[in-house]
Amino acid sequence: MDSVLRKTFVTLKHRTGPHAWTSPKELHKDFYNAVQKALGKPVLRTISRRLRLNIRLKTGSPAVTLKYKTYDQKPYSIDLVPAIELAGGPPEAGRVLRKSWIPEKHIDRLCSKFHVVAKIHPKLGNEPTNCRLWRLSFSAAEKAILLRADGEFADGHKTCRKAVLRLLKTDLLDFYAEPTQQDAPQAFTSNNSIELAGGPPEAGRVLRKSWIPEKHIDRLCSKFHVSWAMNRPTAASGACRSRPPRKLRADGEFADGHKTCRKAVLRLLKTDLLDFYAEPTQQDASQAFASYYLKMIMLNLYDRIPCNADWESDTMLLPRYCEALCYWKDILVHRNLPFYFEKGVNLMEELSNDDGAQSQMQDLLDHVSVFYTAILLVLFLCTLYFA
């Protein structure tokens, strides 16, 4: 097995004996059957007949996907992901976070838990060992970092990290809203879970190396849970709206008093991606470039630009957005997006043998290049105006 990929997969002992293993394949199968049963008329009577007839189940790894169309024929996709949350974490995650922009005081809290999901190893196929491998997921830490990037992690700076992500998401929504992408699903993640105590030590090490202030690390690493992750559809018009203040930690408590724009940058990236999938040429295609990839882009970019002063929301939003688009372009050119908690893992590697995905990546590259050129022009004009 590839040594780098092996670091992101684990096996779970079964309580029936020392040589028994918990099977992700069996759990995924049982979960699929449970969802199928729940959609039956006797179970969920509140679902209208018209909506029930529009729902289609599609199994995948690690998700069970509900595909349906609303009354206005707008397509949506909801991914249900069974996940087991465990205490502690791989050491590599802690090392990554301690090298990042996140203040040391937040690392322990970020490293307190991790999940495993039923995702097969991409290079093992049908080998017997692949039947008992679980993929490590750091969704809890990723979510905490993105929520607090302009808050407690910013050490008092008013940063624009979230604003940049929102812009990127808007770009992506625009792409998938084009006529060729209108039948593709547009979904974002939320979690339902049962919480337990503890977390993986590796996650703590990663967070202590990151930009998040040390005082927040213990809290981020303090718990774990068994959960089911659900993707909920989000309208493009709402891509730039803020979440409730209690959740805005990247520009809030993690920003240590700074008025940062981390979340704004993420919103911009999401908008770019949604714009891409809205294009006419993308409406009937599957979304090869997931919204989740934008979060990975931003987590890596936060470490590339660790200083909160460089994310000040009043003055640095456009420059940081421009930098995020440039990084996005570079990722699409090289088809290489490093996983934040294990840099040797390329999240886009699985797309390399998919001709349709490769074609879509080229279209997305052209789409992002247009936004990048436009923002460069805006920055140039602003420089001339304020000179």
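The values are calculated or read from the model by the stated rules, or taken from the named source; none is laboratory data. Model, not experiment: these values are computed from the prediction. Every residue, glycine as well, gets a Cβ built from its backbone with ideal geometry; the counts of neighbours run over all protein chains shown.
A few comments on the model shown:
- The residues of region 320-357 that are assigned to a helix (DSSP H, G or I), more than 20 Å from the chain's Cα centre (by Cα) and in contact (Cβ under 8 Å) with a residue 40 or more places away in the chain, listed by number, are 322, 356.
- Residue ID - nearest to residue 250 (Cα to Cα), chosen from residues in region 159-215 that are of a type in the set (S, T, N, Q) and modelled with pLDDT of 80 or more: 159
Here is a yes/no grid of residues against (1) of a type in the set (Val, Ile, Thr); (2) more than 22 Å from residue 138 (Cα to Cα):
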{"site": "298", "(1), (2)": "no, no"}
{"site": "303", "(1), (2)": "no, no"}
{"site": "306", "(1), (2)": "no, no"}
{"site": "320", "(1), (2)": "no, yes"}
{"site": "325", "(1), (2)": "no, yes"}
{"site": "330", "(1), (2)": "no, yes"}
{"site": "333", "(1), (2)": "yes, yes"}
{"site": "337", "(1), (2)": "no, no"}
{"site": "341", "(1), (2)": "no, no"}
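Here is a yes/no grid of residues against (1) at pLDDT 80 or above; (2) out of contact with any His (no Cβ under 9 Å at 6 or more places or on another chain); (3) more than 13 Å from residue 137 (Cα to Cα); (4) in a strand (DSSP E or B):
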position	(1), (2), (3), (4)
67	no, yes, yes, yes
97	yes, no, yes, no
100	yes, yes, yes, no
106	yes, no, yes, no
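- Residues of region 313-345 satisfying the condition of being surrounded by fewer than 17 Cβ atoms within 10 Å (Cβ to Cβ), closer than 21 Å to residue 255 by Cα and not β-branched (Val, Ile, Thr): 314
- Region 249-289 - residue that is among the aromatic types (Phe, Trp, Tyr) and modelled with pLDDT of 75 or more and, of those, nearest to the chain's Cα centre (by Cα): 289
- Verdict on residue 118 being under 15 Å from residue 85 (Cα atoms), crowded, with 17+ Cβ neighbours inside 10 Å and at pLDDT below 80: yes
- Top-ranked residue in region 362-387 [being closer than 11 Å to residue 171 by Cα and not hydroxyl-bearing (Ser, Thr, Tyr); ranked as modelled with the lowest pLDDT]: 371
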